[in-house]
Amino acid sequence: MSRIGILTFHSANNFGALLQAVSLQKTIIEHGGTECELINYEPEFIYKDYSISPFKSKHPKVIIKSILRIPDKIKRNSKFQSFREENTICSGQCQSEDSFEKTCNSFEKIIVGSDQVWNYNLTEHDMHYFLPEIDDSVEKIAYAASTGGADFSTDESNEMIQCLQRFKNISVRESASKEALNQRLKEKNIEIVLDPVFLTTQSNWLRLAAKPVKKDYILFFKMGYSKTAEPALEFAKKLSEETGYELLMLWDQETWFKYRDVKHIGAAGPAEFLQWIAGAKCVVTNSFHATAFSIILNTPFYVETEIERKDRVLNILNIFKLEKCGLVKGKSANGLNIPKIEWNVVNLLLDNERHRSLDYIDIKISSSALVFYSHISRQNLL
């Protein structure tokens with residue numbers, strides 16, 4: 001039996017980051033019959049971003065608001081950790097260089113991805129995701145890795161490119177990442193594959209969702225703090241007024257105090273995230289993964305396309321012929337109507353794309369040993 005590891009952002013209390021890690025590990029195990037663990041490494045930038053400390057800001061008002069949010073943050077973090085423990089298998093903790101290298105070298109293969117693992121601006125130039133010190137005997141593979149807009153044409157990226165030349169197979173999540181890497185890795189056949197969340201079927205995701213809420217509502221999910229989502233929120237308010245459906249807001253991070261005229265859901269974990277998307281009459285968002293799960297769960301949606309790194313959202317709208325679901329600065333070509341989507345057509349396209357990505361896993365990964373980076377304790381998988 002091969003031992004495979006996964007290196008990703010599984011330790012982040014971020015819906016997309018954790019759910020893609022769960023899906024990829026489950027898929028590798030199902031398709032390879034292998035022993036697969038998430039590598040339990042937590043980078044510094046994730047620790048800082050998701051810390052409950054109220055002193056990340058120096059502004060008194062922000063500190064006071066952060067203190068008031070601590071109980072909700074603790075509750076939210078607890079839900080994430082419980083979900084990890086129930087749905088992932090992790091290696092032992094490996095924060096030191098020695099433990100990291102020892103853990104990685106214990107695998108036959110390492111899979112790096114998915115998520116923005118190669119966006120060195122985001123990771124603060126964390127070289128772990130390029131595996132520079134890992135033995136050549138360990139096969140290195142990337143699945144749906146993303147550069148997140150980082151520039152790989154500069155001297156700054158030379159060491160990273162040298163590391164990537166040691167990877168046996170590389171696949172990325174979007175065309176922009178392929179273009180960024182092709183400039184320096186011309187000898188590599190870089191493929192584009194689906195984000196791991198698409199590899200798991202609708203029925204299996206619903207098994208992980210919390211109990212459905214029996215009410216009619218429009219869900220607004222805002223990722224991060226970007227002001228580009230505000231036109232989308234105004235659109236969601238108007239759509240709520242037009243349809244008569246209650247508007248509920250779910251944020252990926254806790255800044256709920258800003259919009260007091262909208263009802264907030266509260267501290268939600270991954271199971272609630274799936275539940276609220278599955279049960280919505282319509283989702284309005286600026287998030288890639290909220291868009292992805294709306295497609296998987298067959299929930300009508302609108303996504304703001306005038307956002308940072310918009311290529312990944314535009315890419316999946318194009319793949320599934322759902323361009324009409326895009327908002328441009330809060331404006332829709334459909335007016336104030338819930339989009340009518342032919343889900344049988346979308347589901348057929350998804351099945352075809354899923355099979356293509358699963359073929360990549362069967363041929364490039366399951367036939368060899370992989371290692372995926374992640375951060376969780378050993379528990380039951382899906």
Computed over the chain: relative contact order in percent, which uses C-alpha pairs under 8 Å that are six or more apart: 28
Whichever lysines have a C-alpha closer than 30 Å to that of Lys56, once near sequence neighbours (fewer than 8 apart) are set aside: Lys48, Lys65, Lys73, Lys75, Lys79, Lys222, Lys227, Lys258, Lys263, Lys310
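Which percent, nearest 5, of DSSP beta bridges in the chain are antiparallel? Intermediate results must be reported in sequence, preceding the final value.
Numbers: 2 of 40 bridges.
Here the share of antiparallel DSSP bridges comes out near 5 percent.
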Principal-axis tilt of helix 230-243 within the chain, Cα atoms, nearest 10 degrees: 50
Count of Lys pairs (Cα-Cα under 20 Å; at least 8 positions apart or interchain) in region 86-188: 13
Proximal charge balance of Arg3 [Cβ under 12 Å; K/R count +1, D/E count -1]: -3
5 Å-binned pair-distance histogram of region 80-185 (Cα, whole percent): 2, 12, 21, 23, 20, 13, 7, 2, 0
Pair Glu230, Glu246: separation of 7 Å Cα→Cβ label points (nm): 2.7
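At a Förster radius of 35 Å, what calculated FRET efficiency corresponds to the Cβ-Cβ distance of Asn298 and Lys56, to the nearest 0.05? Can you show the working numbers first?
On the way: r = 38 Å, r/R0 = 1.09.
Efficiency, rounded to the nearest 0.05: 0.35.
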The chain: angle of helix 343-360 to the longest principal axis, Cα-based, in degrees nearest 10: 10
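Tell me whether region 205-344 comes out rounded, prolate or oblate; compute the Cα gyration tensor, take square roots of the eigenvalues as a ≥ b ≥ c, and use a/c under 1.5 as the rounded threshold. Mind showing how you got there, number by number?
Working: a/c = 1.26, a/b = 1.10, b/c = 1.15.
In terms of gyration-tensor shape, rounded.
Contour minus end-to-end for His355 and Tyr47, with contour as 0.36 nm per residue of separation and end-to-end as the Cα-Cα distance? Mind showing how you got there, number by number?
Working: separation 308, 0.36 × 308 = 110.88 nm, distance 3.53 nm.
That works out to 107.4 nm of additional length.
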Spacing of the two label points (7 Å from each Cα toward its C-beta) at Asp216 and His31, in nm: 4.1
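Provide the percentage of antiparallel DSSP beta bridges, counting only those with both residues in region 205-344; round to the nearest 5. Show your work: numbers first, answer last.
Working: 1 of 18 bridges.
Expressed as a percentage, antiparallel bridges in region 205-344 total about 5.
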Calculated mean projected area of the Cα convex hull in nm² (choose from (i) 18.1; (ii) 24.3; (iii) 21.5), label: (i)
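Count charges around Gly32 for me, please; just the other residues with Cβ under 14 Å from its Cβ, Lys/Arg as +1, Asp/Glu as -1. Please report the intermediate quantities before stating the final value.
Values: positive: Arg3, Lys26, Lys109, Lys364; negative: Glu30, Glu35, Glu37, Glu108, Glu139, Asp359, Asp362.
Charge balance in the 14 Å sphere: -3.
None of the figures in this text is laboratory data; all of them are computed from the coordinates on show. Note that the structure is predicted; figures quoted are calculated from it, not measured. So basically every Cβ, Gly included, is an ideal-geometry build from the backbone, and we count neighbours across all protein chains shown.
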